[in-house]
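Notes follow the structure.
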């Protein structure tokens with residue numbers, strides 16, 4: 001639009017008595033940077049007595065008007081806006097921009113701070129939010145336990161349909177992906193073990209490795225990690241979008257309890273589904289390892305089974321299984337709680353979904369590590 | 001560029017819509033619609049729900065490709081231009097979307113500075129300063145500049161979005177229901193802001209609205225969309241006199257009469 005226009009120029013003409021500021025060319029956004037330079041060069045020549053001559057002025061827009069207003073100051077700009085030699089529309093523009101600049105300048109300037117203090121502030125905020133987050137989680141767990149206690153004696157208030165539907169979504173629908181995942185991890189563990197143990201001529205202990213790994217740790221951990229990604233995020237997104245559309249508020253105003261209606265079926269469904277899935281993961285993981293043993297290490301199925309039966313005890317299975325309900329409860333509670341923390345926007349749903357996955361993974365791995373220590377101390 | 005406010009003797013057409021047809025599946029939205037928008041005017045576009053007001057706006061700014069017909073903005077057919085030229089034309093208009101469409105990951109001031117940095121090549125510090133003035137121009141308190149869109153109220157979001165639409169000093173301003181969802185006081189303030197800015201910056205305003213008060217207080221001309229085309233496009237009094245059931249119900253219903261009363265207390269309908 002202004003490709004053929006002349007860039008704006010400001011010149012100060014001085015004679016004995018007075019100085020005159022002549023504005024020529026186009027004072028528009030494409031020339032903004034030039035205008036700034038041009039102004040900087042003459043700014044010290046402009047004083048209160050300088051008259052402004054805008055008769056040769058070409059095009060003018062808000063950015064050009066801003067440069068003029070910054071050069072002249074607010075009072076002079078208002079005076080210029082009264083100058084009859086300037087067209088009416090342009091005076092209105094000068095006045096509007098002058099007023100706007102006035103408002104802008106009266107605001108407090110942004111404070112400058114060192115990056116160290118910003119870093120400290122962020123650490124402080126993060127620590128505080130972690131603390132508050134933990135308190136909130138404890139509070140929410142309390143509410144869920146209370147709701148369970150309140151409804152467990154009243155079968156009329158059990159939401160059986162919702163419960164079954166959630167068991168299907170979180171449990172049954174996850175079986176294929178979990179089986180495949182666990183099978184492949186089992187195979188990988190068998191390969192790793194075979195490579196490491198072959199050095200000592202102890203390849204046969206691969207069977208023990210697979211057994212211990214999947215019964216004690218991998219079965220439940222893989223399941224929990226998969227469900228943290230798959231189910232916690234789904235819970236947050238479902239409840240979060242209800243929160244964003246004020247459906248949760250509607251539930252409350254109808255005199256119903258959103259915890260009982262939305263959270264209990266989900267958490268209880270996970271409490272049923274996760275241990276079952278864990279068992280499936282253990283079986284498919286060991287199967288994956290067994291397939292590697294048969295095909296690559298040339299063990300016979302009979303030998304595999306007899307060694308497995310001799311070395312594995314029911315205790316190993318229970319030690320692994322005992323963690324499943326804990327993980328299930330925490331994943332469910334974190335997923336639902338993050339959903340309740342969603343505020344208005346779609347962006348907020350996304351943020352809290354991410355946060356729920358991160359938190360549930362963190363909690364799962366933390367508790368698993370603590371449990372491993374505990375079991376070791378107890379000698380289980 | 002001189003003496004703009006009220007009607008201009010020789011009218012220059014800045015937007016020209018001819019024979020526009022828009023169809024989604026089986027549903028015809030526009031059927032050979034014609035419309036002219038003249039430089040310096042505020043044109044209000046009204047119509048019942050589903051008559052394609054927003055679709056018309058989106059077609060003019062080139063977001064919807066029409067089935068048939070031509071749309072010329074500044075004499076150029078946007079959809080036929082190569083990307084470079086199209087971008088040049090697009091910089092000459094600003095759009096205020098219905099819900100603001102501020103970028104949620106940027107602060108308000110960064111939102112306004114973005115087109116300045118990207119298109120005008122202005123250094124960031126200068127751009128933020130210009131953005132601050134634009135925000136003040138749009139009537140936003142200055143402490144709002146550093147906030148994120150999610151921290152603003154509905155009225156402030158509209159003002160911030162207006163400041164962004166004004167960032168590159170556009171010649172045409174497209175407003176999609178600017179007063180929808182605002183309380184009556186904020187809506188009235190927004191109406192007068194639009195008139196002030198039009199007078200000061202010499203804007204042409206294309207305004208889609210449901211708000212009768214906005215029509216009476218700001219618009220030079222009103223275009224009524226009905227039966228897939230423009231039923232009438234004229235100053236509001238002429239449009240209100242059109243012999244059409246919808247127009248009569250719209251302008252002479254209880255709300256229409258109240259809006260007329262408050263805009264022109266001396267007149268009795």
### Message
Criterion first (on the phi < 0 side of the Ramachandran plot and under 19 Å from the mean Cα position of the chain (by Cα)) does residue B:108 satisfy it?
### Response
no
## Note on the structure
Taking first residues from segment A:305-328 that are assigned by TED's automatic domain parsing to the domain that holds residue A:204 and second residues anywhere that are surrounded by fewer than 18 Cβ atoms within 10 Å (Cβ to Cβ) and not in a helix (DSSP H, G or I), the pairs with Cβ under 9 Å that are 6 or more apart or on different chains are A:315/A:380; A:316/A:380; A:318/A:380; A:319/A:380
### Message
Against the definition (in a helix (DSSP H, G or I), within 42 Å of the chain's Cα centre (by Cα) and surrounded by fewer than 16 Cβ atoms within 10 Å (Cβ to Cβ)), how does residue A:63 come out, yes or no?
### Response
no
### Query
Among the listed residues A:86, A:118, which satisfies the condition of being outside the structural domain of residue A:330 (by TED's automatic domain parsing) and assigned to a helix (DSSP H, G or I)?
A:118
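Tell me, please, whether a residue that is assigned by the TED database to the domain that holds residue B:200, part of a loop (DSSP other than H, G, I, E, B) and either within 30 Å of residue A:57 (Cβ to Cβ) or modelled with pLDDT of 90 or more (or both) can be found in segment B:25-34. Break it down stepwise before answering.
To start, the set of residues in segment B:25-34 that are assigned by the TED database to the domain that holds residue B:200 comprises B:25-34.
This time we only want the ones that are part of a loop (DSSP other than H, G, I, E, B), so: B:25-26.
From what is left, the residues that are either within 30 Å of residue A:57 (Cβ to Cβ) or modelled with pLDDT of 90 or more (or both) are none.
No, segment B:25-34 contains no residue that is assigned by the TED database to the domain that holds residue B:200, part of a loop (DSSP other than H, G, I, E, B) and either within 30 Å of residue A:57 (Cβ to Cβ) or modelled with pLDDT of 90 or more (or both).
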### Task
Test residue A:101 against the criterion of being in a helix (DSSP H, G or I) and over 27 Å from residue B:172 (Cα atoms), and give yes or no.
no
### Message
With part of a helix (DSSP H, G or I), surrounded by fewer than 19 Cβ atoms within 10 Å (Cβ to Cβ), in contact with a helix residue (DSSP H, G or I) (Cβ under 9 Å, 6 or more places away or on another chain) and in contact (Cβ under 8 Å) with a residue 24 or more places away in the chain as the only criterion, which of A:229, A:219, A:186 stands out?
### Response
A:229
### Task
Hey, can you tell me all the residues within segment B:88-101 that are part of a loop (DSSP other than H, G, I, E, B), within 11 Å of another protein chain (Cβ to nearest Cβ) and either without any contact (Cβ under 8 Å) to a residue 24 or more places away in the chain or more than 24 Å from residue B:77 (Cα to Cα) (or both)?
B:99
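Looking at segment B:172-230 only, could you name the residues that are within 14 Å of another protein chain (Cβ to nearest Cβ), buried (at least 20 other Cβ atoms within 10 Å of the Cβ) and outside any loop (DSSP other than H, G, I, E, B)?
Going through segment B:172-230, the residues within 14 Å of another protein chain (Cβ to nearest Cβ) turn out to be B:172-173, B:181, B:192-204.
Filter again for buried (at least 20 other Cβ atoms within 10 Å of the Cβ), leaving B:172-173, B:194, B:197-198, B:200-204.
The answer is B:172, B:173, B:194, B:197, B:198, B:200, B:201, B:204.
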### Summary
residue A:18 meets each of (1) more than 12 Å from chain B (Cβ to nearest Cβ); (2) surrounded by fewer than 16 Cβ atoms within 10 Å (Cβ to Cβ); (3) under 47 Å from the mean Cα position of the chain (by Cα) with one exception, condition (3)
### Message
Please go through segment B:133-166 and give me each residue that is under 19 Å from residue A:68 (Cβ atoms) and either surrounded by fewer than 24 Cβ atoms within 10 Å (Cβ to Cβ) or more than 8 Å from chain A (Cβ to nearest Cβ) (or both), ordered by number.
### Response
B:166
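The values are calculated or read from the model by the stated rules, or taken from the named source; none is laboratory data. Note that this is a predicted model, so its numbers are computed, not measured. Every residue, glycine as well, gets a Cβ built from its backbone with ideal geometry; the counts of neighbours run over all protein chains shown.
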